[in-house]
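Report on the following structure.
The values are calculated or read from the model by the stated rules, or taken from the named source; none is laboratory data. Since we're looking at a predicted model, the values are computed, not measured. All Cβ positions, even for glycine, are placed from backbone atoms using ideal geometry, and neighbour counts span all protein chains on display.
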Amino acid sequence: MRTNLFFGLALLSMAPNAVSAQENSDSLYIRNSVYMLKLDMPADNEEYAHAYEVTNKAFDGIDFATRYPNYNDFNLGSHHIDWSTVPTATKAEMDAIEKESAKDALLKTTLASMGVKVDPIAEREYAARLLNYFNVNKFGNQLVAKWHVPQGADYKNVAAFDMGTIYEYGKVGLSEEARKVALETGNNDIFYNLHTKLLSTTYVCVNNYRMMNAKEKSATAIAMAKVTLEFLPGIAKMAGNIAVKAAETAAAKTKGYFVRTNAYLFKLDWDSEKTLEMYNKYWNNVADFNANANYQLKYVGRSSKYAGAGLTMKSANLDKLIARGALRATDAAFAALQRDYDEFRPMSSLHEEDGKLVAYIGTKEGVKAGDKFDVFMCQKTDKEIEWKKVGTIKVAKNSVWDNQEGANETLEGEAEDGEKKEGNAELKYTVFDGKPGKKIGEGCLIRLAK
């Protein structure tokens with residue numbers, strides 16, 4: 001069935017001059033793809049109703065392809081999920097995501113004792129219910145279908161499958177010779193490898209926003225530090241006590257209202273066997289795919305981050321402050337997912353400026369002083385472009401670029417959290433220790449080290 005399966009198909013909507021532009025490191029690696037979504041929930045406090053409207057508008061204004069350029073913006077159109085349409089989850093389904101621990105239970109009782117309203121929906125329940133939502137609504141099938149139509153075409157009404165989108169997103173990882181072979185012959189092996197790589201790195205990220213006042217934010221930080229302390233071994237309790245005191249010190253300086261973003265990361269469950277199944281079973285039978293295919297998503301993990309909004313809910317520039325806080329929290333939660341889950345980490349280009357090694361990433365991407373990055377050099381073979389690790393570099397002291405939303409703008413009435421600020425908004429890039437050399441310099445890519 002696979003023999004000559006692609007012959008001629010790759011020629012559709014694929015002009016050879018599409019790859020004639022000048023190449024650079026950014027244009028030579030295959031990116032992960034991500035579909036960004038927002039969970040629409042009713043306001044948990046009438047005081048925050050307007051804030052949630054502003055947050056919603058800020059999210060809708062994001063150009064994801066521009067905001068996160070190291071990922072493919074691969075979406076199904078709508079960027080919203082109505083919580084009222086999300087199915088329930090059984091205890092077994094929640095346990096499959098994450099079993100409730102003694103630490104979780106203690107955190108709930110500790111927060112309640114501190115007068116903090118605890119969300120009745122646990123984090124693992126959100127994740128399990130969202131996973132059910134995706135699988136009930138066949139998000140996996142929809143994503144697979146979109147990969148198999150020409151870029152920009154209607155994936156819901158497919159007449160015949162096509163390799164256009166897979167080629168367009170994947171050709172950056174091919175040598176010029178391999179691109180030529182793919183265009184002229186529809187080489188099965190080339191498309192097979194692209195197919196598996198692109199679909200197995202397709203992600204869905206759901207953002208859930210909540211407003212919190214200073215008391216709630218501070219109490220949460222203190223409670224988490226205290227609960228962590230309870231479960232630390234004796235030798236580590238000194239560090240735990242320091243963390244509790246730091247949270248209490250920050251609480252004394254925390255004022256105003258904050259936007260919290262909980263981000264849940266899912267991934268299309270795909271491997272080489274599913275690629276073969278797609279070719280052998282469904283390629284020539286779209287009707288069978290629509291009726292019987294059952295491709296699903298799987299849960300990867302979550303992150304939670306805060307960003308300041310207004311000092312009061314009547315602060316000057318309140319809408320600007322809330323919108324800025326929502327965008328900062330979104331970026332921070334997204335960056336935390338990159339840091340916590342190796343497979344989700346993107347590559348960024350390394351550059352040389354004034355004799356220094358620099359990259360155009362910073363606080364928005366979660367970069368911190370002292371972070372280590374692996375450096376990769378491009379190696380072209382007769383088939384594909386490979387990235388070989390050639391070294392490691394470290395972010396230089398006091399050299400993190402503050403590129404978070406509104407970094408260069410001071411707004412009257414903004415919240416205060418008493419935390420040390422990372423980065424310098426006066427910089428134009430983040431600087432690394434060392435000097436450019438034969439192996440490490442312009443044309444390399446970097447990725448946060450494990």
| query | Given the conditions (1) buried (at least 17 other Cβ atoms within 10 Å of the Cβ); (2) farther than 18 Å from TYR264 by Cβ; (3) touching a Leu at 6+ places or on another chain (Cβ under 8 Å), and given that LEU107 satisfies all but one, which numbered condition is not satisfied? | reply | (3)
| So which residues in the stretch 247-273 are surrounded by fewer than 19 Cβ atoms within 10 Å (Cβ to Cβ), within 27 Å of the chain's Cα centre (by Cα) and not polar (S, T, N, Q)? | ASP269, ASP271, GLU273
| said: Quick check on this structure: which one of LYS156, LYS146, LYS108, LYS99 is farther than 16 Å from THR202 by Cα and outside any loop (DSSP other than H, G, I, E, B)? | reply: LYS108
| query | In the stretch 151-166, is there at least one residue being within 22 Å of GLU386 (Cβ to Cβ) and either modelled with pLDDT of 90 or more or surrounded by fewer than 19 Cβ atoms within 10 Å (Cβ to Cβ) (or both)? | reply | yes
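Determine which member of the set LYS394, LYS389, LYS380 is of a type outside the set (Val, Ile, Thr), modelled with pLDDT under 95, farther than 30 Å from LYS217 by Cα and surrounded by fewer than 20 Cβ atoms within 10 Å (Cβ to Cβ). Even if it seems obvious, please write down each step before you answer.
Numbers: LYS394 fails: modelled with pLDDT under 95; LYS389 fails: modelled with pLDDT under 95.
The match here is LYS380.
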| field | Residue among ILE235, ILE222, ILE242 that is among the β-branched types (Val, Ile, Thr), in a helix (DSSP H, G or I), in contact (Cβ under 8 Å) with a residue 60 or more places away in the chain and over 30 Å from LYS380 (Cβ atoms) | value | ILE222
| task | Give the residues of the stretch 408-430 that are surrounded by fewer than 20 Cβ atoms within 10 Å (Cβ to Cβ) and either not assigned by TED's automatic domain parsing to the domain that holds GLU386 or not acidic (Asp, Glu) (or both), sorted by residue number. | result | ASN408, THR410, LEU411, GLY413, GLY418, LYS420, LYS421, ASN424, ALA425, LEU427, LYS428, TYR429
| request: Could you tell me which residue of the stretch 111-123 is nearest to LYS267 (Cα to Cα), considering only residues that are in a helix (DSSP H, G or I) and out of contact with any Ser or Thr (no Cβ under 9 Å at 6 or more places or on another chain)? | output: ALA112
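Residues checked against (1) aromatic (Phe, Trp, Tyr); (2) not in a strand (DSSP E or B):
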residue: THR312; (1), (2): no, yes
residue: ASP319; (1), (2): no, yes
residue: LEU327; (1), (2): no, yes
residue: ASP331; (1), (2): no, yes
residue: ALA335; (1), (2): no, yes
residue: TRP387; (1), (2): yes, no
residue: VAL390; (1), (2): no, no
| message | Which residue is farthest from the chain's Cα centre (by Cα), if the candidates are limited to the stretch 117-134 and must be within 20 Å of MET211 (Cα to Cα) and surrounded by fewer than 19 Cβ atoms within 10 Å (Cβ to Cβ)? | response | LYS117
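Is there a residue being in a helix (DSSP H, G or I), over 20 Å from PHE139 (Cα atoms) and not aromatic (Phe, Trp, Tyr) anywhere in the stretch 278-300? Talk me through it step by step, then tell me what you get.
From the stretch 278-300, those in a helix (DSSP H, G or I) are 278-282, 286-292; that's our starting set.
Narrowing further to those that are over 20 Å from PHE139 (Cα atoms): 280.
Those left that are additionally not aromatic (Phe, Trp, Tyr): 280.
There is at least one residue in the stretch 278-300 that is in a helix (DSSP H, G or I), over 20 Å from PHE139 (Cα atoms) and not aromatic (Phe, Trp, Tyr).
State the number of residues belonging to the stretch 135-150 that are charged (D, E, K, R) and surrounded by 19 or more Cβ atoms within 10 Å (Cβ to Cβ).
Residues of the stretch 135-150 charged (D, E, K, R): 138, 146.
Within this subset, residues satisfying the condition of being surrounded by 19 or more Cβ atoms within 10 Å (Cβ to Cβ) are 146.
Total meeting the criteria: 1.
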| message | Going by what's in this entry, would TYR126 be described as touching a residue at least 12 places away in the same chain (Cβ under 8 Å), assigned by TED's automatic domain parsing to the domain that holds LYS38 and in a helix (DSSP H, G or I)? | response | yes
| request: Test ILE322 against the stated conditions and say whether it is outside the structural domain of TYR203 (by TED's automatic domain parsing) and aliphatic (A, V, I, L, M). | output: no
| Can you tell me which residue in the stretch 52-80 is surrounded by the fewest Cβ atoms within 10 Å (Cβ to Cβ), limited to those that are closer than 28 Å to ASN213 by Cβ and more than 17 Å from the chain's Cα centre (by Cα)? | GLY61
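Return yes when ASP354 is among the acidic types (Asp, Glu) and over 21 Å from the mean Cα position of the chain (by Cα) and no when it is not.
Details: among the acidic types (Asp, Glu): yes; over 21 Å from the mean Cα position of the chain (by Cα): yes.
For ASP354, the condition - among the acidic types (Asp, Glu) and over 21 Å from the mean Cα position of the chain (by Cα) - is met.
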| Residues of the stretch 266-287 satisfying the condition of being over 19 Å from GLY164 (Cβ atoms) and in contact with an Asp or Glu (Cβ under 9 Å, 6 or more places away or on another chain) | LYS267, LYS281
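Select, from LYS397, LYS420, LYS383, the only residue that is closer than 30 Å to LYS314 by Cβ and more than 23 Å from the chain's Cα centre (by Cα). Spell out how you get there, then give the answer.
Values: LYS397 fails: closer than 30 Å to LYS314 by Cβ; LYS383 fails: closer than 30 Å to LYS314 by Cβ.
Just one listed residue meets the conditions, LYS420.
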| query | For the subset of the stretch 312-369 comprising residues that are of a type in the set (Asp, Glu) and surrounded by fewer than 22 Cβ atoms within 10 Å (Cβ to Cβ), which member is nearest to ASN72 (Cα to Cα)? | reply | GLU343
